[in-house]
Amino acid sequence: MSLTPDLREELRVLLQATRSQLEFERACGSSGVQLLPYSRAPHELATPAPPLTAPRVARAAQDLESPRRPEPPASNAIASSINAQPAAAIPPEERVHRLEVLAHEAATCTACVLHEKRQKNVFARGSALAEIAFVGEGPGRDEDIQGLPFVGAAGQLLDKMVAAMGYGRDDVYICNVVKCRPPENRTPRPEEMLACSRYLVPQLDCVAPKYIVALGRCAAQALGVADVTGPWRGRFGAWRGIPVMPTYHPAFLLRSPEFKRVVWEDLQQVMGRLGRSAKRAES
């Protein structure tokens, strides 16, 4: 029995992600990975998948020996797995409850090393019914202390950007690719982003925004709208059917304020599609 193209691609992505994880563990001096009990996310169906028997594995391996496409970088593999199956829109009355369940699960997550030094899990802030979601990279020091994303200097600048778009601070939805602070605010590693996709995917599915703004290259890569190299901002992509505008992170703008103008141009593209006009000039 031959695999369908979609299943072949899914298996290839999983194999690539597993290979990346094993290479990382080997570099850290480990000889394998610890198996953790599987916890079914609240958005998943109760019907279990058919067991992956030895004959099915053998057939899949044989089928994968057919001519293969070049393997993407780890970040693109993560985006491919996130983009694999679009979810149906969730009724508004269920969103808040499902997000609360996800936030509770994320608060006790130990799926990657980032949990070891966290003070608080940083899940999200804003409205579950927002038409725009902003997705950043990961929490910083202030966020780790308060348990909310974008509350430091970068968050204050983001709030000004949101206000310039004509929204109140709590009218939009704000979260990060990873929910625990990376040490010294480093960029999240592929295996950390992959581990946190179990929360990011149903989180954005629950909110179902009309548009997503990816803040920084890391977030844009995780959402599958930026390559590892080359130009990446200012052009619409899509995540599970939702238009995504990638632009610079507010923390970068604090260091390089001359780029505020191009970010404002990116945000104006989103506003134009929504039929909105600015309340004031960006600062």
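Here are a few things to note about the model shown:
- The test for being farther than 25 Å from Trp232 by Cβ, under 18 Å from the mean Cα position of the chain (by Cα), of a type in the set (A, V, I, L, M, F, W, C) and outside any helix (DSSP H, G or I) does not hold for Cys175.
- Val96 of a type outside the set (Phe, Trp, Tyr), modelled with pLDDT under 95, in the same structural domain as Ala222 (by TED's automatic domain parsing) and surrounded by fewer than 17 Cβ atoms within 10 Å (Cβ to Cβ): yes
- Members of region 157-172 found to be part of a loop (DSSP other than H, G, I, E, B) and buried (at least 18 other Cβ atoms within 10 Å of the Cβ), listed by number: Met165, Tyr167, Val172
- Filtered residues of region 154-171 (kept if under 25 Å from Ala106 (Cα atoms), in contact (Cβ under 8 Å) with a residue 60 or more places away in the chain and touching a helix residue (DSSP H, G or I) at 6+ places or on another chain (Cβ under 6 Å)): Ala154, Leu158
- Residue selected from region 143-156 under the condition touching a Phe, Trp or Tyr at 6+ places or on another chain (Cβ under 9 Å) and part of a helix (DSSP H, G or I), by the criterion farthest from Lys117 (Cα to Cα): Gln156
The values are calculated or read from the model by the stated rules, or taken from the named source; none is laboratory data. Bear in mind that the values here come from a model prediction, so they are computed numbers and not experimental data. Cβ coordinates were reconstructed from backbone atoms using ideal geometry, including for glycine residues, and neighbour counts include every protein chain displayed.
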